[in-house]
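Undergrad: Quick one: the structure is below, and I'll ask about it shortly.
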Amino acid sequence: MPSSSGSASRSASASKREHTDVRDGTLDLLRCPYCGGRLELVESSFHEREDGEITNAILGCHCCVFPIVAGIPVMHLDPAAVAAREQIEAGRPDLAARRMFALDDEQQAARFEETAASATATYREVVDALGPGFEGGYFLYRFSDPTYLVAEAVVRAVAATTLRGGGRGLDVCGGSGHLTRSLMDLSSPAPVVADFYFAKLWLARRFTAPGCEPVCCDGNAPLPFKTHAFGFVVCSDAFHYIWTKRLLASEMMRVAGDTGAVVVTHAHNALQWNPSAGMPLPPGAYRDLFDEMTPRLFAERTLLGEIVAGGPLDLSQAHGTAALDADLALTIIASRRADVWRPYPLEEPSEARGEFRVNPLYDVEPDGDPARLRLRFPSEDYEEEYGAARLYLPEEVLVERAAIDALPSVRLSSGLTSLARRRVVLDLPKRYY
Ligand SMILES: [Zn+2]
């Protein structure tokens, strides 16, 4: 239950601003993207706490005020953020949330709020309730797409190295937290997921990476974090959509610190055609951006081949110019640490972080033993973009009915281990679909 509000505290502490460290140190690591100043809770404005965490409030620095909406700091000044801040100041966090979720239509907003209020709603249902304006469809299939396989393996390898002695991970442009999820057991304290889209961050915290710290910010502005706050920083499948690449590269290196690593996965290659190109760079230009942190570039197709073959993932040598030039997408790893550059054995699926379930790309025939599972891509567009998934996802597979009936489960029966390796069975968040 909300425990305090602006009207009550206004008289008690007229213009008091105190440093509040309530959400596992999140306020401590936040910095204004414009003046660089610390953020403090504006006690004289409307604010609410729930279970010791700030849910709705106003943060102030030397130059600006920013809102916290539904527990998510909104560290930019786009029109929706300004409107949401005004709604918080007016004591209407419900209307502030509607602005940040971009729910302008009354009926859509009511439908979303009803779905979100249900404890049994799934990720898929909430994405549907956000309406056709929300680009969320393909993210349901993220955990088995080839881009994700490479990103996850690289992140698990490099973050395990640079966060070994403790330290925090940051997933920049992390969307609804699929890759953030892979940092949960490596990052201490919990990883931060940063994205411009508030709804995605909300989904990340509720479903995909529960316990992560979401921060809403603009990848084209300085990152709203203190220098050297992280030991590992990743940006996956998004760097080519950023216009101010010089700035983002510098910012990722600034917050990563001297003993950390910066990783960019699935950066589109300007030398190759891509259906959703964005504003890609050629390999050498990506290398130049991260030059001060000794970057090495890898061709995504080569890394995927290593993963499909069962490993190891070989990060000991940068790939050659011919392989880089010919590939659609690149992985850039920048770190001053020598121990990052080595081959990594792949992790075996064992105990689920969430629960093992059948990949939502598969239809399970209701009758018959063994059970027949068929691969069904959601659209031709999906198949065109992620067709390399056929390298490991079989068209059809027969599985003992009892093994399928035992799902969802936290442990894999021996009959399902090889299917988990091939991503027919996935370790999914609870209430995912
Ligand atoms: Zn400021």
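The values are calculated or read from the model by the stated rules, or taken from the named source; none is laboratory data. Nothing here was measured: the structure is a model prediction, and the numbers come from that model. So basically every Cβ, Gly included, is an ideal-geometry build from the backbone, and we count neighbours across all protein chains shown. Calculation scope for accessible area: heavy atoms of the full protein, side chains included, ligands and nucleic acids excluded. Shrake-Rupley method; radii C 1.70, N 1.55, O 1.52, S 1.80 Å.
Undergrad: May I ask you to list the aspartates and glutamates whose Cα is less than 17 Å away from that of residue 245, ignoring any residue fewer than eight positions away on the same chain?
TA: Qualifying aspartates and glutamates at Cα under 17 Å: 171, 195, 218, 237, 288, 291, 292.
Undergrad: In nm, give the distance between the simple-model label positions of residue 258 and residue 417, each being 7 Å from the Cα along the Cα-to-Cβ direction.
TA: Label at residue 258, label at residue 417, 4.4 nm between them.
Undergrad: In deg cm²/dmol, rounded to 500, what helix-only [θ] at 222 nm does the chain give when every DSSP H run of at least 4 residues adds -39500 (n - 2.57) and the total is split over its residues?
TA: -8000 deg cm²/dmol
Undergrad: Okay, next question. When the Debye formula is applied to the Cα atoms of the range 144-293, each taken as the same point scatterer, what base-10 log of I(q)/I(0) results at q = 0.17 Å⁻¹?
TA: -0.93
Undergrad: Right, something else. What's the extension gain from residue 336 to residue 402 if we count 0.36 nm per residue and subtract their Cα-Cα distance?
TA: 18.8 nm
Undergrad: For residue 34 and residue 367, FRET efficiency with R0 = 41 Å and r from the beta-carbon atoms, rounded to 0.05?
TA: Here the calculated transfer efficiency is 0.10.
Undergrad: In whole angstrom, note down how far apart the Cα centers of the range 99-131 and the range 331-359 are.
TA: Spelled out, the Cα-based centre of one part sits 33 Å from the other.
Undergrad: Please list the three semi-axes, largest first and in whole Å, of the ellipsoid equivalent to the chain, using sqrt of 5 times the eigenvalues of its alpha carbon gyration tensor.
TA: Result for the chain: semi-axes of 36, 28, 19 Å.
Undergrad: Turning to a different aspect of this structure: So what are the radius of gyration and Dmax for the Cα set of the range 351-428, in Å?
TA: Radius of gyration, then largest Cα-Cα span, for the range 351-428: 12.5, 35 Å.
Undergrad: Let me ask you something else. Out of the total accessible area of the chain (probe 1.4 Å, heavy atoms of protein only), what percent is carbon and sulfur?
TA: 50
Undergrad: Keeping every protein chain in place, order 164, 49, 92, 205 by accessible area at 1.4 Å, biggest value first, i.e. largest first.
TA: 164, 92, 205, 49
Undergrad: Give the residues of the range 273-314 whose amide nitrogen is closer than 19 Å to a point set 7 Å from the Cα of residue 78 in the direction of its Cβ.
TA: Counting backbone N atoms under 19 Å from the label point, the list is 278-279.
Undergrad: Solvent-accessible area per residue for the chain at a 1.4 Å probe radius, Å²?
TA: Per-residue value: 41 Å².
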